[in-house]
1. Looking only at segment A:71-99, filter to residues that are touching a residue at least 12 places away in the same chain (Cβ under 8 Å) and among the polar types (S, T, N, Q); which one of those is nearest to B:V505 (Cα to Cα)?
2. Check segment A:113-122 and report whether any residue there is open to solvent by less than 60 Å² (accessible area, probe 1.4 Å), in contact with a His (Cβ under 9 Å, 6 or more places away or on another chain) and either aliphatic (A, V, I, L, M) or farther than 30 Å from B:F504 by Cβ (or both).
3. Given (1) in contact with a helix residue (DSSP H, G or I) (Cβ under 6 Å, 6 or more places away or on another chain); (2) open to solvent by 70 Å² or more (accessible area, probe 1.4 Å); (3) of a type in the set (S, T, N, Q), where does B:N56 come up short, assuming only one miss?
4. Would it be correct to say that A:A106 is buried (at least 17 other Cβ atoms within 10 Å of the Cβ), assigned to a helix (DSSP H, G or I) and touching a Phe, Trp or Tyr at 6+ places or on another chain (Cβ under 6 Å)?
5. Residues in segment B:422-442: is at least one open to solvent by 50 Å² or more (accessible area, probe 1.4 Å), among the small types (G, A, S), modelled with pLDDT of 65 or more and more than 30 Å from A:N222 (Cα to Cα)?
6. Restricting the first residue to segment B:301-324 and requiring it to be not in a helix (DSSP H, G or I), which pairs with a second residue that is not basic (K, R) meet a Cβ separation below 6 Å and a spacing of at least six or different chains?
7. Has segment A:159-173 got any residue that is open to solvent by 40 Å² or more (accessible area, probe 1.4 Å) and within 9 Å of another protein chain (Cβ to nearest Cβ)?
8. Scanning segment B:362-390 for residues that are more than 11 Å from every other protein chain (Cβ to nearest Cβ) and open to solvent by 60 Å² or more (accessible area, probe 1.4 Å), which turns out nearest to B:L323 (Cα to Cα)?
Amino acid sequence: MGIQGMELFAIAVVIILFMAVLKQFGIFEPMSSFEESSDSDLELSTVRHQPEGLDQLQLQTKFTRKELQSLYRGFKNECPSGMVDEETFKTIYSQFFPQGDATTYAHFLFNAFDMDRNGSIRFEDFVIGLSVLLRGSVTEKLNWAFNLYDINKDGYVTKEEMLAIMTSIYDMMGRYTYPCVRDEAPSEHVDKFFQKMDKNRDGVVTIEEFIETCQKDENIMNSMQLFENVI
Amino acid sequence: MAAGVAAWLPFARAAAIGWMPVANLPMPVAPAGKNKRQDEMIILNVSGRRFETWRNTLDRYPDTLLGSSEKEFFYNEETKEYFFDRDPDVFRSVLNFYRTGKLHYPRYECISSYDEELAFFGIISEIIGDCCYEEYKDRKRENAERLMDDQEDNKDAKPPNMTCRETMWRAFENPHTSTMALVFYYVTGFFIAVSVITNVVETVPCGTSPNQKEVPCGERYTVAFFCMDTACVMIFTVEYLMRLFAAPSRYRFMRSVMSIIDVVAILPYYIGLVMTDNEDVSGAFVTLRVFRVFRIFKFSRHSQGLRILGYTLKSCASELGFLLFSLTMAIIIFATVMFYAEKGSSSSKFTSIPASFWYTIVTMTTLGYGDMVPKTIAGKIFGSICSLSGVLVIALPVPVIVSNFSRIYHQNQRADKRRAQKMQKARLARIRISKQGTSNAFLHSKRNGLFSEAPEFTQLPYKMNLSEQSSTEEDQRLNKSTSLLESQHHHLLHCLEKTTNHEFVDQQYYQQSYLEAGLQNYPSRSPSLSSRDGVSGTCCTRRSKKQHAPLQNASGPAHMQPLTQVHAHPRGLQELSTIHIQPLSTSRSSLNMRVDEPASLNCQSSQITTAIISIPTPPVTTSDGDAHLRAGPAHQNVVKVSAL
């Protein structure tokens, strides 16, 4: 009699087992061997960045030698590779604001510090930025703030840019605030800001308008001095 | 706040300049960084080995010994170093914790010495990094078990003044405590053996009798066996009753396994006495005799190994269950296959699938009786696959059982797996609580009014001497309860509040005010009205005293407030005896007072239960104790208002 159903099945099973045994011996290789070649590429180990010498940094910034040393120690502790990428930066900055979401504002900050726009902050960028913020003149600080607000760095701060910044600041507050942050709060704040700053009502704020208005506002001038002795 | 990011705090504060042009309100004064020393080296002399580190490194964890002022107790004036008379090897791990933020547990260290060092330096062991935590917990559990064993061994010391009952119980449980107990122990053991042998011998055919059939001894010498059985059962009954009498908790004793075995061992005899020699029940009677064999389990009181075997099987229940399950699956599969394979052949013994079960079991356990054998080719192929896989399926769980047995045998005890899971949850909960401290710490400081004062000071130049006058008192409190780092962090958060003109609150308060905002639409329940009659009881019990204060009418749901006059609040750090909602005032002082939820909230909605406001922190060292104590009762009141 011919081969019946079960026998067919039995023969199929035997063939499968045979193939399994051959695979074990490496004689019979399946087609999927090409996918494994990618594993052999080692990822490039993270590049280590060495900062410029202490003397050069002293020339470029207004920190003393000791201050630079202590700043570098803190920096290197957190980022042994010498460079901070955006994700790490966001993580670090978010730890200061546990209640809200600081990632958007951290993104803007990152762009403000990363002057050569290469996606990572080196120690030089870090320390030069800090030097402006802590030891710079009021004009320099205002310049820095304007640079922060000007997201596309075109010299004008538009309402959209300001709204983005404002929303990110309000995001840092989180949900549990008193009074509750309403959705219109950032845009109202932006409107107030523009009312104050935009003298010629052209819908954008230029650097001159900005500096001029701030210099006339006592509150702002005083608060600029607030962090003089942070280091 | 994590150690590493403490280094970035100056950066975060500097970046806050970005908020300044946007803010509408003046910013608060920065905390005094007085005695702003240059970062200096500290020398820690631990039993002669000198460790040097920066002061900032140690300051990262202000609630530990080295990070707080507690280390001043160890300062040696002549050598200008801090001397600790402790183990320098373990100190390496402790110091590395400050440097890297992660605590590691070195494997070669003894667990109890490590624990002592951690306790001395004020570090909680939950902070041990994930890389070392499992090892730490395992060692700790082993150690605890070993200690428990030691304690059990010391039970032999006889406490005086034991009642007769307690003496008897001790005698039963520990036979080597007295001679009588030992005698009793051996006697019962002997009788158990006699009883078991009797049962066995009873069924042996004892020589031929005049009839053709061979008769078992039990039927030949009925009287003798009956007397033997009676004697054994007497002894067992007496023993059981004595144990029952002596047991400290009779109910628990009756539920224990050993007593059930005892009962099962003696019951058939009594049932047999009661039952008459009736034809109907003789089948059942025979069955009962089978239970007599359970007497052999009474030996487990006499044998440690037997007990351990029992424990092993109980603890390997999951592995055994898995074995059983996989075997069942395999049996069903192969039986089905064999049945259909053999269906074609004539005179096949594989008459049904259940009939094939027998073949499958015999083959998989490699018994191979040969009473059922496949005849077709397909059947033989599948049969061989069946026997090969049987070996595998059985061989896999067995080593697990074996290793379990050996471990139990050596340790003689086994921690409950479920307890370990509970401890993992508890550990995570503890870490979470201590981390919540950061986000809640800011809110606490606000409520305690530890900030230096009102924003009018921002109008003046930032010479610190001015704030020093008002804040010397505050500073002391500041130093006691928050470190400089924390106060700077809180100042940063405060600046953010001022920039956006909103305040941080905790979750519970937010829900309260949210509910209140919803309820303010009902004019009859305006907060002002209800706060006045708030003294009268509501359905929710109030435990705090009430204080009335002028309350502005809320004209609508909460919205952004215009800048109001800042008035220095007369009471600086007052007790928080009320909760008081002032919807319009933005003065920071108003934070200190909250109004009781008006009667508008019914019981259901104020299930905003006991707060998360409470425990702010990680281990409180003695230096922080005062401030926390003071904060404690204040918080209690805050909490209790909303509790049902």
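1. Here the answer is A:Q99.
2. yes
3. For B:N56, the exception is condition (1).
4. yes
5. No, because not a single residue in segment B:422-442 is open to solvent by 50 Å² or more (accessible area, probe 1.4 Å), among the small types (G, A, S), modelled with pLDDT of 65 or more and more than 30 Å from A:N222 (Cα to Cα).
6. Filtered contacts from segment B:301-324: B:H302/B:G189; B:C316/B:I401; B:C316/B:N404.
7. no
8. B:T366
The values are calculated or read from the model by the stated rules, or taken from the named source; none is laboratory data. Keep in mind it's a predicted model, so treat the numbers as computed, not measured. Counting neighbours? That spans all protein chains shown, and the Cβs are built from the backbone with ideal geometry, glycine included. To get the accessible areas, we keep the full protein, side chains included, count just its heavy atoms, and leave off ligands, DNA and RNA. Shrake-Rupley method; radii C 1.70, N 1.55, O 1.52, S 1.80 Å.
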